[in-house]
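In what follows, a structure is listed as structure tokens, so that the remarks can point back to it.
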Amino acid sequence: MTALTWISLVSLLAWLWLLLGQGFFWRTDQRLPERRPPRSWPEVAVVVPARDEAEVLESSLGSLLAQKYPGRARVVLVDDNSTDGTGDIARRLAEAEGSLPLTVTTPGEPPAGWTGKLWALRHGVELAERQGTPVYLLLTDADIAHGPDSLADLVSAAETSGLAMVSQMARLRTSTRWEKLIVPAFVYFFAQLYPFRWSNRPGTRTAAAAGGCSLVRADALERAGGVAAIRGAVIDDVSLARLIKRDGGRTWLGLAEAVDSIRPYPELGQLWRMVSRSAYAQLQHSVLLLAGTVLGLALVYLVPPVATVIGAATADWPALALGGAAWLLMTATFVPMLRYYRLTPAGALLLPFTASLYLLMTVDSAVQHWRGRGAAWKGRTYG
């Protein structure tokens, strides 16, 4: 057996393990759990941190203000020092007849040790709790549009299943060719790192959430130390889920059906920055984890097509067979995610190319960190 054959064998074994032993991460059937209308609808406060979101706010905030929630609910938009009129747009939207009550507030610049989003969230949560006694807090981003029954569905799921946190991965935009290539893989890789089934199972170490749409019990958040407990987290959604689950709360994460991200990423550069700003933080800024990730991505995603092509060109039939089998498994596991995004399954054959881009984004994230630029977002940089 040639060296290429041995490497191809290891790659195939890795794919067999990923297929069966990684929480069936590739399946897309984790949707909102069973939900029944509660006897009495608990009070909810919706907290939206927003920084320079004038481009998307009319659709996103408008969808929140139009929620058909049977109980008492209000919205707090935290204008994080925007310079594009975000706060003025929010106030205008609140004048629509039948809208939920809206408060627009500004927290000031975040102190040292805080990320801007979490400083805004803390400010919004504290204001919401001064205005009333919310049982639940819906933490949602300013680029997320919700279906009219989204809030009621989230609360029903939490009440029915006794969940301290219910989070939905918003369906990201896939309009341009780059979005179609990069976005489904982003969710696919996230699910591979944090299999939803494992995260949703009580007693497991895996915990994850999607920051764009997370309903949290206010008392569970307080017991876990509040937003201040994760004040410097760049990947705040996963950090919050770990916080809640470690304190004994049940968490749930799944794919959304009526929650959509409307932020456009039409060009590769925009998508690149979206991924690279937090990739090295995901690796805990560890050179060893970075090296392992690069080698792992190469072995799992790049070896199969390379072995298939070289094996066919050199008549190395074992390498061809093993590499082809691994590539087939890789392609099959990606098809459900493409179907969820309503894209052609044939695009799964391009996953090795997409993975190579993610490999480069991860390396670039580390390089930016070493240069002192850290995780940059809307004019702020975090080390």
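Computed quantities for the displayed model
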quantity: Where labels lie 7 Å past Cα in the beta-carbon direction, separation of Arg371 and Asp149 in nm; calculated: 4.9
quantity: Label-point separation in nm, Thr344 to Glu222, each point 7 Å along Cα→Cβ; calculated: 5.5
quantity: Top of Ala298, Ala120, Ala210 by mean-square fluctuation, Gaussian network on the chain, Cα under 10 Å; calculated: Ala298
quantity: Estimated 222 nm signal from helices in the chain, with DSSP H stretches of n ≥ 4 weighted -39500 (n - 2.57), rounded to 500; calculated: -15500 deg cm²/dmol
quantity: Whole-Hz ³J(HN,Hα) from phi, Karplus 6.51 cos²θ - 1.76 cosθ + 1.60, for the range 205-220, glycine and proline x; calculated: 7, 5, 8, 8, 8, 10, x, x, 7, 9, 9, 10, 5, 4, 5, 5
quantity: Loop GluC sites (Glu not before Pro), the range 200-302 (other Cβ atoms within 10 Å of the site Cβ: 15 or fewer; DSSP); calculated: Glu267
quantity: Normalised contact order of the chain, rounded percent, pairs of Cα under 8 Å and 6 or more residues apart; calculated: 22
quantity: Mean separation of Cα contacts under 8 Å (6+ apart) over length of the range 44-266, as relative contact order %; calculated: 26
quantity: Label point at Ala66 placed 7 Å out along Cα→Cβ; residues across the range 100-142 whose backbone nitrogen lies under 20 Å; calculated: 100-103, 140-142
quantity: Fraction of beta bridges assigned by DSSP in the chain that are antiparallel (%, nearest 5); calculated: 40
quantity: Dipole magnitude of the chain about its Cα centre (Cβ charges: Lys, Arg +1; Asp, Glu -1), debye to nearest 20; calculated: 800
quantity: Cα-centred dipole magnitude for the range 44-266, charges only on beta-carbon of K, R (+1) and D, E (-1), debye, nearest 20; calculated: 960
quantity: Calculated from backbone phi, Karplus (6.51, -1.76, 1.60) coupling profile of the range 99-111 in Hz, x at Gly/Pro; calculated: 6, 5, x, 10, 10, 10, 9, 10, x, x, 5, x, x
quantity: Global geometry of the range 28-72, whether rounded, prolate or oblate, following the gyration tensor of its Cα atoms and the 1.5 cut on a/c; calculated: oblate
quantity: Shape call, the range 44-266: gyration tensor on alpha carbons, a/c limit 1.5; calculated: rounded
quantity: Förster radius 51 Å - calculated FRET efficiency between Thr2 and Arg39, Cβ distance, rounded to 0.05; calculated: 0.15
quantity: Of all DSSP beta bridges in the range 44-266, antiparallel share, percent nearest 5; calculated: 35
quantity: Loop sites in the range 1-92: GluC sites (Glu not before Pro), DSSP, at most 11 other Cβ within 10 Å; calculated: Glu34
quantity: Positive-end extreme of charge dipole, the range 44-266 - chosen from Pro110, Val44, Pro195 (charges on Cβ); calculated: Pro195
quantity: Karplus (6.51, -1.76, 1.60) ³J(HN,Hα), θ = phi - 60°, over the range 355-363, in Hz, Gly and Pro reported as x; calculated: 5, 5, 5, 5, 4, 5, 4, 5, 5
quantity: The range 283-383 shape via C-alpha gyration tensor axes, a/c threshold 1.5; calculated: oblate
quantity: Potential extension, Val363-Thr133 segment - 0.36 nm per residue separation minus Cα distance; calculated: 78.2 nm
quantity: Selection from Ala157, Val259, Ser60 lying farthest towards where the dipole of the range 44-266 points positive, charges on Cβ; calculated: Ala157
quantity: Listed residue (Tyr69, Tyr301, Ala321) projecting farthest to the positive dipole end of the chain, Cβ model; calculated: Ala321
quantity: GluC sites (Glu not before Pro) within the range 71-180, DSSP loop, no more than 13 other Cβ atoms inside 10 Å; calculated: Glu95, Glu97
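Quick note: the coordinates plus some simple rules give every number you see, no bench work behind them. All values reported here derive from a predicted model rather than from experimental measurement. Counting neighbours? That spans all protein chains shown, and the Cβs are built from the backbone with ideal geometry, glycine included.
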